1. Of the labelled options [x] 28, 15, 7; [y] 20, 18, 10; [z] 35, 14, 9, which one gives semi-axes √(5λ) of the Cα gyration tensor in Å as computed for this structure?
2. Can you check what the net charge comes to around Leu52, using other residues whose Cβ is under 14 Å from the Cβ of Leu52 (Lys, Arg +1; Asp, Glu -1)?
3. If the chain between Ala42 and Gln7 were fully stretched, how many nm would it gain, using 0.36 nm times the residue separation less the Cα-Cα distance?
4. What's the local net charge at Leu32, with K and R +1, D and E -1, over the other residues with C-beta under 14 Å away?
5. Using a simple charge model, +1 on the beta-carbon of Lys and Arg, -1 on the beta-carbon of Asp and Glu, nothing else, what dipole does the chain show about its Cα centre, in debye to the nearest 20?
6. How much accessible area per residue does the chain have, in Å², with a 1.4 Å probe?
7. Solvent-accessible area of His37, probe 1.4 Å, all protein chains present, reported in Å² to the nearest ten, please.
8. Please give the net charge around Val20, taking every other residue with its beta carbon less than 9 angstrom from that of Val20, where Lys and Arg add +1 and Asp and Glu add -1.
Amino acid sequence: MPRLTWQKSSFSGGGEGNCVELAASPSSLIHLRESDHPHDTAATTPHALAHLLHAVKRGDLPV
């Protein structure tokens, strides 16, 4: 896997280590990880991530 440049979410600022980080790869995938577990990553397309974020903002996900 190519070296990724990770960016921390703007909502992750408390310093407790609960940070979501994202990185774009040359293959046009978006990689996600939890800063406490940097070797555990998930990858998705920008389109699928946008759908997830819109659903979260609307409150459409079950708790």
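The values are calculated or read from the model by the stated rules, or taken from the named source; none is laboratory data. Model, not experiment: these values are computed from the prediction. Please note: Cβ atoms are built from the backbone with ideal geometry, for glycine as well, and neighbour counts cover all protein chains shown. Note: areas computed on protein heavy atoms with side chains; ligands, DNA, RNA excluded. Shrake-Rupley method; radii C 1.70, N 1.55, O 1.52, S 1.80 Å.
1. Matching entry in [x] 28, 15, 7; [y] 20, 18, 10; [z] 35, 14, 9: [y].
2. Numbers: positive: Lys57, Arg58; negative: Asp60.
My count for the surroundings of Leu52 gives +1.
3. Details: separation 35, 0.36 × 35 = 12.60 nm, distance 1.46 nm.
Extra length available between Ala42 and Gln7 comes to 11.1 nm.
4. Numbers: positive: Lys8, Arg33; negative: Glu21, Glu34, Asp36, Asp40.
Every neighbour counted, the sum reads -2.
5. On the way: 5 positive and 6 negative charges, 49 e Å.
For the chain, the charge dipole is close to 240 debye.
6. Values: 4990 Å² over 63 residues.
In whole numbers, the chain has 79 Å² accessible per residue.
7. Rounded to the nearest 10, the figure is 100 Å².
8. Values: positive: Lys8, Arg33; negative: Glu21, Glu34.
For residues surrounding Val20, the net value is 0.
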